[in-house]
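The values are calculated or read from the model by the stated rules, or taken from the named source; none is laboratory data. The structure displayed is predicted, hence computed values, not measured ones. Positions of Cβ are generated from backbone atoms using ideal geometry, with glycine treated the same way; all protein chains shown enter the neighbour counts. For the accessible areas, the whole protein counts, side chains as well, though only heavy atoms, and no ligand, DNA or RNA atoms are used. Shrake-Rupley method; radii C 1.70, N 1.55, O 1.52, S 1.80 Å.
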Amino acid sequence: MARPKEFEPEEALEKAMHQFWVKGYHDTSIRDLVERTGVNYYGLYGEFDSKHGLFLAALDHYQRTVTAEALGELRKSGPMRRAITRTFERLAKATLTPDGRVGCLMCNTAVEMAPSDPEAAEKFKAHTKLLRDAFRAKLAEGQQAGELAADKDVGALAEFLATTVYSAGFLTRSGFGEAYVARHIRTALTALG
């Protein structure tokens, strides 16, 4: 008879996500993960197969939790500009955790892992598409409501806003102050007209 799990996988995944978010993939050791999650090596590997498997699962968890919560603003009814501004506010807040100024986990992953890890690169591309599609839908809604000029290229603006998410995360991780990052975002939002 198989022994019951002695830990909650989603709880361990949340903690592992924060560990990778703070230290990155290469600088996070198995010992770090064991200490952070409170789950022994065998439990983590039994559930996630490997450190890399846990990392990929953590990226998915980030998308399902942190990103989904922030993008929820874009799905609410209401003015386009307010929804987009609130989305950036939520994303900026998420980059400032009890662990410090961690930036955006996907941005960090793109820099550290995407050049040499095809699976991580695919996760990053999927995340970018998720951002782009969410912004595109709200921009199109705003354009139909007359909040965005008819001659604005909704697709190009959506791409720009998605990459602004990453640049804001990069600035935060790099130690730029909150006022600097907020100014960067405000300047980006002037593209909406």
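Can you run phi through the Karplus equation (6.51, -1.76, 1.60; θ = phi - 60°) for segment 97-106 and list ³J(HN,Hα) in whole Hz, with x for Gly and Pro?
10, x, 7, x, 8, 8, x, 9, 4, 5
Hey, which of these cross-link pairs are over 28 Å Cα-Cα: Lys51/Lys76; Lys15/Lys138; Lys23/Lys129; Lys23/Lys152; Lys93/Lys125; Lys76/Lys123?
In this structure, Lys51/Lys76; Lys15/Lys138; Lys23/Lys152 exceed 28 Å between Cα atoms.
Out of segment 1-75, which trypsin sites (Lys or Arg not before Pro) are coil in DSSP terms and have no more than 13 other C-beta atoms within 10 Å?
Values: sites: Lys5, Lys15, Lys23, Arg31, Arg36, Lys51, Arg64, Arg75; in loops: Lys5.
Counting only loop positions with at most 13 other Cβ atoms within 10 Å, the trypsin sites (Lys or Arg not before Pro) in segment 1-75 are Lys5.
In percent, what relative contact order does segment 129-193 have, based on Cα pairs under 8 Å that are 6 or more apart in sequence?
After rounding, I find 34 percent.
What net charge is computed for the residues neighbouring Tyr25, neighbours being all others with C-beta under 9 Å from the C-beta of Tyr25, Lys and Arg scored +1, Asp and Glu -1?
Local net charge: -1.
For segment 48-58, what does the Karplus curve 6.51 cos²θ - 1.76 cosθ + 1.60, with θ = phi - 60°, yield as ³J(HN,Hα) per residue in whole Hz, taken in order and with x for Gly and Pro?
10, 6, 6, 4, 5, x, 5, 4, 4, 5, 5
Please report, as a whole percent, how much of the solvent-accessible surface of the chain comes from carbon and sulfur atoms (probe radius 1.4 Å).
Accessible surface attributable to carbon and sulfur in the chain totals 54 percent.
Which whole-number percentage describes the relative contact order of the chain, with Cα contacts under 8 Å and a sequence gap of 6 or more?
20
Apply the a/c threshold of 1.5 to the C-alpha gyration tensor of segment 152-193 and tell me whether it is rounded, prolate or oblate.
oblate
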